Amino acid sequence: MAKTLEDFNREYLSVHTKKENLFWTTYMGVEKDGNLFAKAETEFKSYISDPKHLAEVRDAQQAEDLSPETRAALKGWLAFFDSHAIESESARTLQKELIELESAIFQKRAKLQLFYKNKDGQDTQGSTNVLSTNLAASDNENVRKTSHEALLRLEQWVLSNGFIELVKKRNQFAQALGYQNYFEYRVQKNERMTREELFSILNEFEALTRETCLKHLEHLAREKGKHSILGHNLKFAAAGDAEKQLNPYFRFEKSLEIWMRSFARLGIGYRGATLHLDLFDRPGKYENGFMHGPGPCFYDKDRWQPARINFTSNATPTQIGSGRKALLTLFHEGGHAAHFSNITKNAPCFSQEYPPTSMAYAETQSMFCDSLINDADWLKLYAKDVHGQSVPDEVIRNFLTSDHPFMAFQERSILVVPVFEDRLYSLAESEMTPAGITALARRCEKEILGVDCSPRPILAIPHLLGAESACSYQGYLLAHMAVYQTRSHFERKYGYLTDNPKIGADLATHYWNPGNSLSHRETIQSLTGATLSGRPLAEFCNLGNDALWEKAKQKIEAAARRTSSDETAHLDASIHIVHGAEEIASTTESVSRMWRNFETWIEKNYKADVTS
């Protein structure tokens, strides 16, 4: 008997939800049995990669009297299984071995401790997020130097603890499926592009931004000395002073409230979703923010099934810059959550983050949202000190103009990762040695960034290790291209972005509701009426400081003439703030009570002065 749409929905949810629940507990460091996630992921991948499902969906499509909606959903399932099906038995065996190897590396990495020397010269344990914040915000060069050295030690740990074997096995897996290497395989599966199509876009952006990037490095070297462009000094030299000036206006304890108020005023809602947010850094917790949805949203026949979503950050409220970093993460991961709470199709295949969902499509949503907190009018309206005073214009100007020339470097810091991974997976196995791969990383950094070593050394980036994130980093840059095209569209259509209640509805209609039934490029065309292009991003990177500040002043003046609603900011969501197994605050009583409980917990657990 042929399967029905409801059969595919039910079967998928049973393996997806089990795997995602264990993903959360494992990556949050609260799962006692680290092998359970690997087993659940194997079961999940075995299900989605089983080629029999392609035949089953095709059989289901032959049924008589299918409604147009059911036919569309079955077409979605066909695209989903086609993205994952592995017909080769040898490739299926390799996939299982990959999961086991990735799990073993992850468990060892979770136990690894990294150390830097604090301002008193004492060895201090710090996650990669602490080390990165030190590089941007600490005025003590030895703190920065030892933080960078810790990241370089992490690189060598990665190379000595299974990564090289992982790269080789990934290539074997891709080759068993008919691809030249794993990078080519992932680009095709993730973005529905060939390697050549991808690099035609990336190479154009590289050429458009090269001069601006190198000129800024030359300027820093002239103004602050050649030592300022060393890996441990560059981020601080480019933005350290601005971060310090902004710090009093980004109060960590207010980040949750500000995020919710700002999203509500944009007309963004979560359609009844349940959100769990684990925001604070701790040992054993995965060291990068992410959003995953253990409960995909969809219409189950005529009944709406709201999303169940988890997202995380790695905040340390006592660090300079942590308040702004917390808001960036809330806006970014909250943007992902808004996207995956608003997909209104009739099957969960459309509302999950794996292929055929494009990484660039998913990241466009989150990056558009986090771009807003760098806008001058947003800063003026939302960033306030303990006395309720807004950021002075001169601080906003310093922030925008000191950081903006560095933007080309920052975007190219994304670009360098796919350049490296493309070349890494093209190496002969005999060339895959710790020394050879380290040298390749430094060559790529010199070529793309213009420095001998990046502030964030390539091999210290956790995405290279993860099964779903390896060879996917280019999605962030493709998304940034889409973000600036989207921003340009809204500015032309409405004149402003901050607190514009029409934006949420437009995003939902054109970007979110279709899910992966449309490609990334099709959603951009739907909203903006134009094809995806990196030129708006490159043009913004190349914009001079005087022109940038003139536009910023116009935004501030226009915002002062507008009024914003004073809504309750409930976002149509049930929100739970957790710290591992502990629940800190929730909307169970009210939104305002959740904000107060959040602030009280921070005061109780982080009493050190962030400015000390």
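Where a number appears in this text, it was derived from the coordinates with a stated rule and is not lab data. All figures in this text were calculated on a predicted structure; none of them were measured in a lab. Cβ: placed from backbone, ideal geometry, glycine included. Neighbour counts: every protein chain shown.
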Counting Lys and Arg as +1 and Asp and Glu as -1, what is the net charge of the other residues whose Cβ lies under 15 Å from the Cβ of residue 522? +3
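Add -39500 (n - 2.57) for each DSSP H run of 4 or more in the chain, then divide by its residues: what number comes out at 222 nm, to the nearest 500 deg cm²/dmol? Please report the intermediate quantities before stating the final value.
Working: 24 runs with 355 residues, N = 612.
About -19000 deg cm²/dmol.
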Which aspartates and glutamates have a Cα less than 16 Å from the Cα of residue 169, not counting those fewer than 8 places away in the same chain? 89, 97, 100, 102, 184, 421, 422, 429, 431, 468
Using DSSP to define loop residues, name the GluC sites (Glu not before Pro) in the range 33-128 whose beta-carbon has at most 16 other beta-carbon atoms within 10 Å. 64, 87
Eigenvalues of the alpha-carbon gyration tensor of the chain, times 5 and square-rooted, give semi-axes in Å, largest first, of 36, 30, 25
Would you work out which of 495, 174, 247 lies farthest towards the positive end of the dipole of the chain, given +1 charges on the beta-carbon of Lys and Arg and -1 on that of Asp and Glu, about the Cα centre? 247
Give me the lysines in straight-line cross-link reach of residue 75: C-alpha distance below 22 Å, same-chain residues under 8 apart excluded. 3, 45, 52, 189, 301, 345
Kindly write out, for the range 205-215 in residue order, the coupling ³J(HN,Hα) from the Karplus curve 6.51 cos²θ - 1.76 cosθ + 1.60 (θ = phi - 60°), rounded to whole Hz, with x marking Gly and Pro. 5, 4, 5, 5, 10, 4, 5, 4, 4, 5, 4
Collect residues whose amide H, placed 1.01 Å from N in the peptide plane, falls under 5 Å from the amide H of residue 497; neighbours closer than 5 in sequence don't count. none
At q = 0.12, 0.15, 0.19 Å⁻¹, what is the base-10 log of I(q)/I(0) for the range 381-467 according to the Debye formula with one equal point scatterer per Cα and no solvent? Please give it to two decimals. -0.53, -0.67, -0.86
Round to a whole angstrom and tell me the spacing of the C-alpha centers of the range 446-476 and the range 524-559. 26 Å
Given H placed on each backbone N at 1.01 Å, which residues far from residue 578 in sequence or on other chains put an amide H within less than 5 Å of it? 277, 278, 279, 584
Other-chain or far-sequence residues with amide H under 5 Å of residue 29's (modelled H): 286
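Give the total of Lys-Lys pairs in the range 486-612 with Cα-Cα distances below 21 Å; include a pair only if its members are 8 or more places apart or on different chains. Don't skip to the end; give the middle numbers.
Details: 493/502; 493/551; 493/553; 493/555; 502/555.
Total qualifying Lys-Lys pairs in the range 486-612 comes to 5.
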Just need log10 I(q)/I(0) for the range 138-267 at q = 0.09, 0.13, 0.14 Å⁻¹, Debye formula, equal scatterers on the alpha-carbon atoms, no solvent, rounded to two decimals. -0.57, -1.06, -1.11
Unit Cα scatterers, Debye sum, the range 479-612: log10 I(q)/I(0) for q = 0.12, 0.17, 0.18 Å⁻¹: -0.80, -1.06, -1.07
Which whole-Hz couplings ³J(HN,Hα) result when phi for each residue of the range 331-346 is put into the Karplus expression 6.51 cos²θ - 1.76 cosθ + 1.60, θ = phi - 60°, listed in order with x for Gly and Pro? 5, 5, 5, x, x, 4, 4, 4, 4, 7, 9, 10, 7, 10, 8, 10
Find which of 60, 72, 42 sits farthest along the positive direction of the dipole of the range 1-85, computed with +1 on the beta-carbon of Lys and Arg, -1 on that of Asp and Glu, about the Cα centre. 42
How far is the Cα center of the range 66-145 from the Cα center of the range 188-261, in Å? 21 Å
Looking at 212, 455, 318, which one has the Cα that reaches farthest to the positive end of the dipole of the chain (charges on Cβ: Lys, Arg +1; Asp, Glu -1)? 318
If you plug each phi of the range 44-53 into the Karplus form 6.51 cos²θ - 1.76 cosθ + 1.60 with θ = phi - 60°, what whole-Hz ³J(HN,Hα) values come out, in order, with x for Gly and Pro? 4, 5, 5, 5, 6, 9, 6, x, 4, 5
Part-to-part distance (alpha-carbon centres) for the range 307-359 and the range 1-19, which is given in Å: 24 Å
Enclosed volume per residue, in Å³, of the convex hull spanned by Cα atoms of the range 1-85: 92 Å³
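Could you please rank 452, 393, 375, 302, placing first whichever residue has the fewest other Cβ atoms within 10 Å of its Cβ?
On the way: 452 11, 393 15, 375 22, 302 6.
With the sparsest Cβ surroundings first, the list reads 302, 452, 393, 375.
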